[in-house]
Amino acid sequence: MEMQTEKEKIDASSMNRAKILIVDDDPELRMALKLRLRANHYETVSASDGYSAIALAQKERPNLIILDLGLPAGNGFIVLKRLQESDTLSHIPVIVLTARDPQGNELRSLDSGATAFFQKPADNNELLQVIRASLRSASAWGTTLPS
C-alpha cells in the first residue's frame, strides 16, 4: 500500500479542483475529453469555436485550456494570441491538441504561448501527465488554482 505525504495529498486535492476549458469543434472529441477529465476529478467547460473559447475563458477563468487549432470563428492561433494579449487570461496554461501536422504548427503553437503540443489522437496517459504538470507549475507560481 502506497502512502501519500501531506504535501502530495494537498497537491492532488488542489489539482483535482481545477477547471479545464476544452476547445474543439468535434462534439465527440469534446465529450470524450470531458468524460476522461471528469473521471480524473477535473471540472470541465467546453467551447466549439474560437469566439466562444475567448468568451468562456473570460467568464469561467479556467485553470487550463485544451485547444484545437482548426476551429471555426477564429482558429487556435487567433485564440492563443487573444489569450496572450489579455491581462486576466495570459497566465492560463494552454495545451494544443490538434489533427494538424506538427511540422511548423508545434513550434508556432509554443512560440504563441502554448505550454504543450499534442497531435490527435493523443496518448491519454501522456496528456493527463502534461495536464497535471502544467497545473502543478501554474500552482507553484500561484496563478491559476482556486484556494
Test for Ala116: is it under 16 Å from Leu29 (Cβ atoms) and in contact with a helix residue (DSSP H, G or I) (Cβ under 6 Å, 6 or more places away or on another chain)
no
Scanning the stretch 82-96 residue by residue, the ones that are farther than 22 Å from Asp123 by Cα, surrounded by 16 or more Cβ atoms within 10 Å (Cβ to Cβ) and either without any contact (Cβ under 8 Å) to a residue 24 or more places away in the chain or not aliphatic (A, V, I, L, M) (or both) total 1
Do we have Leu21 as at pLDDT below 95 and either of a type in the set (Asp, Glu) or surrounded by 16 or more Cβ atoms within 10 Å (Cβ to Cβ) (or both) here?
no
Subset of the stretch 8-18 that is surrounded by fewer than 21 Cβ atoms within 10 Å (Cβ to Cβ) and not in a loop (DSSP other than H, G, I, E, B) - its residue that is modelled with the highest pLDDT:
Asn16
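The values are calculated or read from the model by the stated rules, or taken from the named source; none is laboratory data. Every value quoted in this text rests on a predicted model; they were computed, and no experiment measured them. With ideal geometry, Cβ positions are generated from the backbone for all residues, glycine too; neighbour counts draw on all protein chains shown.
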